[in-house]
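Colleague: To start, I am sharing the structure in question, which I have written as structure tokens.
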Amino acid sequence: MAQVWKCSGIRWAVDGAELVWGGGRSSALTRGKRVAFAVPEEGVRACAGARGNECPVRAVVPGRSTGGRCEECARLARAHSVAADTVADDPRPYRVYLAWFGPGMVKAGITAVERGPARLLEQGAVCFSWLGTGPLMAARRAEELLRAALGVPDRVPYTEKRAVRSALPGTEAERAAEVRELHARAVALAGWPESLRPEPCHVVDHMGVFGLTGVPEAFGEVLELVPGGSVRGELVAAAGPDLHLAVGGRGAVVLDTRLMTGWQLVLAGPAVDGCAFPVREFGREPDGLF
């Protein structure tokens with residue numbers, strides 16, 4: 001019987017990333033590594049549960065869900081989430097940051113000081129700078145100030161991030177320019193929260209950590225895993241939750257590892273490189289209802 005693996009997601013550190021599997025196993029995501037897995041024909045995707053607990057009803061979740069949870073477990077997972085504004089009295093210090101994902105793609109966000117740059121790596125920020133440090137609600141007010149006064153969003157869609165990674169500016173100075181310009185405008189704003197200490201602009205570049213220098217152009221992104229499907233290819237880059245896999249003559253396909261959670265996966269049999277999961281090509285809209 002084939003060995004079954006169940007993915008728990010991706011885990012980032014400053015020196016790289018690894019896939020985490022059930023039972024505490026992990027696989028380092030080094031460039032050049034071969035990735036080859038399949039979903040058995042009878043496979044179903046099970047809810048990932050919440051806060052370290054299994055889903056009590058063992059719900060089946062849609063293949064295209066990046067959360068990988070049923071409605072009840074998703075609610076429990078966000079019950080104490082800073083991102084969901086449910087923890088207003090968190091006493092920990094927070095940082096406001098500016099993150100850059102490509103030309104014209106800068107967002108503002110917040111993260112606990114104790115997490116360091118983990119949040120930026122998890123989002124696939126090509127470069128970033130801290131903007132300020134202070135209490136949670138002060139950080140929230142600064143984030144809203146940036147949105148209202150400068151039009152800085154608090155999120156950038158992953159599809160947009162993925163589509164530009166193979167054509168990013170070649171130097172750190174070019175990649176940092178928008179962050180530096182926006183940082184200067186932000187700290188000069190009237191209404192800056194008094195309890196939020198401004199941080200000097202120091203742009204950290206993740207191009208090397210992600211392996212994006214010279215990465216092959218990606219032609220599309222995997223929409224979902226399906227029973228009987230498989231993927232085989234060479235890992236050429238990893239950014240945020242995404243694996244860029246060279247799968248043959250067309251270039252690379254992007255696989256969001258959040259789509260892997262909840263599936264029972266097996267090693268793909270010997271075959272030529274390729275992707276047998278549904279793929280949305282960049283520049284084309286996903287299929288609608290009709």
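The values are calculated or read from the model by the stated rules, or taken from the named source; none is laboratory data. Being a predicted model, the structure only gives us computed values, none of them experimental. FYI the Cβ positions are ideal-geometry reconstructions off the backbone, even for glycines, and counts take in every protein chain you see. Accessible surface is based on the protein model in full, side chains and every heavy atom, while ligands, DNA and RNA are left aside. Shrake-Rupley method; radii C 1.70, N 1.55, O 1.52, S 1.80 Å.
Colleague: Could you state the angle between the C-alpha long axis of helix 136-150 and the longest principal axis of the C-alpha atoms of the chain, as a value from 0 to 90 degrees rounded to the nearest 10?
Modeller: On a 0 to 90 degree scale, this one is about 90.
Colleague: Place a point 7 Å from the Cα of Phe282 along the Cα-to-Cβ direction; which residues of region 186-225 have their backbone N under 14 Å from it?
Modeller: Residues 212-222 qualify, since their backbone N sits under 14 Å from the label point.
Colleague: Cα gyration tensor of region 1-79, axes a ≥ b ≥ c as square roots of the eigenvalues: rounded (a/c below 1.5), prolate (a/b > b/c) or oblate?
Modeller: Oblate.
Colleague: A further question follows. When the chain is modelled as a GNM with alpha-carbon springs shorter than 10 Å, which of Ala118, Ala239, Ala188 fluctuates the most?
Modeller: Looking only at Ala118, Ala239, Ala188, the biggest GNM fluctuation is shown by Ala188.
Colleague: Using the alpha-carbon centroid of each, what span in Å lies between region 1-25 and region 98-119?
Modeller: 24 Å
Colleague: Also: Put Lys33, Lys161 in order of accessible area, largest first, 1.4 Å probe: what do you get?
Modeller: Lys33, Lys161
Colleague: Turning to a different aspect of this structure: Which shape class, rounded, prolate or oblate, goes with region 32-186 when its Cα gyration tensor gives a ≥ b ≥ c as root eigenvalues, a/c under 1.5 marks rounded, and past that a/b bigger than b/c marks prolate?
Modeller: Oblate, because a/c is 1.5 or more while a/b does not exceed b/c.
Colleague: Cut-off 10 angstrom, C-alpha nodes, Gaussian network model of the chain. Which of Val253, Val164, Val272 fluctuates the most?
Modeller: Highest fluctuation of the listed residues: Val272.
Colleague: Between rounded, prolate and oblate, where does region 121-161 land on the alpha carbon gyration tensor, with a ≥ b ≥ c its root eigenvalues, rounded for a/c under 1.5, else prolate if a/b exceeds b/c?
Modeller: Judged from the Cα gyration tensor, region 121-161 comes out oblate (a/c at least 1.5, b/c at or above a/b).
Colleague: If the only charges are +1 at each Lys and Arg Cβ and -1 at each Asp and Glu Cβ, what is the size of the charge dipole of the chain around the Cα centre, to the nearest 20 debye?
Modeller: Here the size comes out at about 340 debye.
Colleague: Now, a different point. Can you show me the helix-derived [θ] at 222 nm for the chain, built from DSSP H runs with n ≥ 4 at -39,500 (n - 2.57) apiece and divided by the number of residues, rounded to the nearest 500.
Modeller: The helix contribution divided over the chain gives -5500 deg cm²/dmol.
Colleague: Once Cα extents along the principal axes in Å is worked out from the coordinates, which option in (1) 63, 46, 42; (2) 62, 58, 38; (3) 70, 40, 34 does it equal?
Modeller: Computed from the coordinates, Cα extents along the principal axes in Å corresponds to (1).
Colleague: Right, next: Quick check for you: with a 1.4 Å probe and neighbouring chains kept, what is the accessible area per residue of the chain, in Å²?
Modeller: 50 Å²
Colleague: Let me ask you something else. Expressed as a whole percentage, what fraction of the accessible surface of region 169-239 belongs to carbon and sulfur atoms when a 1.4 Å probe is rolled over the protein heavy atoms?
Modeller: 53 percent
Colleague: Right, here's the next one. Obtain the nm distance between the two label points defined at Arg75 and Ser27 by a simple spin-label model: each point lies 7 Å from its Cα along the Cα-to-C-beta direction.
Modeller: In this crude label model, Arg75 to Ser27 measures out at 3.6 nm.
Colleague: Rounding to the nearest 10 and keeping the result within 0 to 90°, find how far the Cα-based axis of helix 172-187 lies from the longest principal axis of the chain.
Modeller: The answer is roughly 50 degrees.
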